């Protein structure tokens with residue numbers, strides 16, 4: 001399809017380890033589903049905000065992360081970041097709102113990313129299949145479908 005990242009996604013991806021950059025820059029050109037980068041490197045303050053969700057704020061929401069950034073450092077908290085989060089993009093805002101974090105679309109893009117990583121001989125782990133056993137989402141405690149890490 002020949003998609004390419006927008007300026008904001010490029011800036012976020014630039015905060016990531018070069019191996020993540022290589023994989024995602026290849027994947028965006030091969031994917032039939034357009035996607036963007038929502039987060040690369042994350043400050044401790046941002047990590048604390050996400051850690052609070054489901055604990056002290058937005059109690060109606062489930063926990064977003066088990067990493068507080070202080071007692072336990074996450075892959076996003078390194079410089080360069082060892083993790084990246086994506087979202088699904090569509091030109092139509094109404095459609096985009098429906099599919100931005102849709103599991104089917106994220107799973108498709110995860111397959112493209114996995115294929116590109118294998119081609120580049122880079123090990124990457126997807127938050128929808130942490131143990132890489134091919135069982136997506138059902139055999140793990142925390143599902144983080146937009147998340148990829150090295």
Kirkwood Rh, angstrom, region 71-150 [1 / mean 1/r, Cα pairs]: 13.6
Helix axis angle, 18-30 relative to the chain longest principal axis, alpha carbon, degrees: 50
Looking at the square roots a ≥ b ≥ c of the eigenvalues of the Cα gyration tensor of the chain, which shape do they give, rounded for a/c under 1.5, prolate if a/b is larger than b/c, or oblate? rounded
With angles folded into 0 to 90 degrees, how steeply does helix 103-119 sit against the dominant principal axis of the chain? Use alpha carbons for both and round to 10. 70
So residue 55 and residue 115, fully extended at 0.36 nm per residue minus their Cα-Cα distance, gain in nm 18.0 nm
Find the centroid of the Cα atoms in region 1-25 and in region 29-71, then give the distance between the two in whole Å. 18
Mind grabbing the base-10 log of I(q)/I(0) for region 1-74 at q = 0.26, 0.27 Å⁻¹? Debye formula, identical points on the C-alpha positions, no solvent, two decimal places. -1.05, -1.09
Mean Cβ count within 10 Å, highest first, over the residues of peptides 14-23, 47-56, 90-99: 14-23, 47-56, 90-99
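A short reminder: the numbers here are calculations on the coordinates, not readings from a lab. Everything quoted here is computed from the prediction, not taken from an experiment. Virtual Cβ from ideal backbone geometry, glycine too; neighbours counted across all protein chains shown.
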